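A quick write-up on the structure given underneath.
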Amino acid sequence: MTPETLVDWYASQQGASFGLGDIIAPMTPPVPARSEWPSISLWVQVDANGGVGAYRIEPGWVRVDEAPPPELINDVSTWVLQTQKRPGLAFTEEPRLTLDEHPTGLAAAGDAGVAQGLAILANHLLARHMQALQLPGLFRVQAPPDAEAWERYRFLLTELGLTPPEELELATLLPLIQAHELAPLLQNLFLELLKPPTDSLQPGGHFGVGVEPYLHGVAAFERYADLFNQRVLWALFTQGKDRKSARSKETIDPRSSECHGRVDWPVLPTGLQEDLQNQAQQLLPQLQERERAHRQAREDYRHLVWLHRCDLTPGQTLRGLVVGVESYGSFVAIQHTPLQGLVHVTALKNDWYEFRPKQQALVGRKTNATFVVGAVMEVVVKGIDYYRQQVDLTLPPDMGDETHEPDASPADA
């Protein structure tokens, strides 16, 4: 796609391909069928222990009607699954538009493990190379969840009888919650902890895939950041300098990772370097805003679909899990859905309830009735606000003066 054309402008405004349910809005027009395509290839050396050694980035061609030998595919697949597979979750409600991580920042568990592992590795190695050569780029960063939010989630898991790790480690935590009877509910609650990943002019850590630095570079037809980063690499291929000056005898190979740590000069011509930096600075807020809009649309769509699917009606009795307690009431996650509702403290009759933050509980002063995080309880739908995507809950008429504490067997929720 040629820069500064109408198609390129449209793609930059769209930011990325976007899907809701069965509807997909592509970033670019349909791509005509071809037998081969220009590509950027990574040649990676693997050491005896399966670790990644030196690598090269090369321009090349991909023939779409040919496949590597089966033996090579099997060897690569085995290596990826043994060394590059990332802990992830199953995402079934959104179309998969790229081979690397899910929009939440996490890897997606499922059949795409080999392709996903290779794509995430490629993104990481490209980011390392661009950082080492001080090339302008759109890097990908994701901060870890807030410590306070993690402690609240960890408290909930403990109340359910699980033993979560002290520090948030995806490799330990995700299998733990996926093996629980309340796995879908716990997964939804965990996703709410995650901070959204975003593009950045500076390299940094990426919590979801667990590498630093990281960028998007393998899906140029689906994300404009990938397209921009590939253009920077193409500038390196065509105009990159292999020595500090014409008089320098020492040369480097700017396409190889073996030049890392040896470059102390601008690899790109000064004018081109500044032009690409300016382009990245102009693109960044635009792409960030489009991503925020896409993320909000996905979240709104997901909640509206579930509200419609559940067909909730006022007076309907449901079972749910108390996932949060505040002075003004208890938040209850409704069974088998990503929906939550508030049981306001005014619905708790026959007593005055005191909020105890350390115990994450509301406790009645007279009856000592308790509503605590981790309790499975019945609730009644009081009202549904589709515009705000809110569900108001109350208690059944015969409840309100009894204790609601974690059940040793919450499988029914």
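Derivation of every value follows stated rules applied to the coordinates shown; laboratory data play no part. Bear in mind that the values here come from a model prediction, so they are computed numbers and not experimental data. Cβ atoms come from the backbone with ideal geometry, glycine included; neighbour counts cover every protein chain shown.
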In deg cm²/dmol and to the nearest 500, what is the mean residue ellipticity at 222 nm of the chain if only DSSP H runs of at least 4 residues count, each as -39500 (n - 2.57), divided by the residue total?
-11000 deg cm²/dmol
Looking only at region 192-208, which residues have a backbone nitrogen under 18 Å from a spot 7 Å from the Cα of Glu148 in the C-beta direction?
192-196
Mean Cβ-within-10 Å packing, highest first, puts peptides 287-295, 340-348 in the order 340-348, 287-295
Translational diffusion coefficient, Stokes-Einstein: compute it for the chain using the Kirkwood radius over C-alpha pairs as Rh, at 4 °C and 1.567 mPa s, and state it as an integer in µm² s⁻¹.
53 µm²/s
So what is the relative contact order for region 129-236, in percent, with contacts set as C-alpha pairs under 8 Å and at least six apart?
40 percent
Cα-based equivalent ellipsoid, region 313-412: semi-axes from gyration tensor eigenvalues, Å
20, 15, 13
Measuring from the longest principal axis of the C-alpha atoms of the chain, the long axis of helix 113-132 (C-alpha) lies at a number of degrees, nearest 10, equal to 60 degrees
Between Rg and the Kirkwood Rh of region 248-301, both from Cα atoms, what is the Rg to Rh ratio?
1.27
With a sphere of radius 13 Å drawn around the Cβ of Gln288, what net charge do the other residues whose Cβ falls strictly inside it have (Lys, Arg +1; Asp, Glu -1)?
+2
Tyr214: net charge of surrounding residues, Cβ under 12 Å, Lys/Arg +1, Asp/Glu -1, itself excluded?
-1
Would you mind calculating the gained length between Ala54 and Met1 on full extension (0.36 nm times residue separation, minus the Cα-Cα distance), in nm to one decimal?
16.0 nm
Förster radius 60 Å - calculated FRET efficiency between Leu176 and Asp242, Cβ distance, rounded to 0.05
0.75
Taking Cα atoms, the helix 147-159 axis meets the longest principal axis of the chain at an angle in degrees (rounded to 10) of 50 degrees
Answer with one residue from Asn350, Leu307, Val322: the one whose Cα lies farthest towards the positive end of the charge dipole of region 300-364, charges on Cβ with Lys, Arg +1 and Asp, Glu -1.
Val322
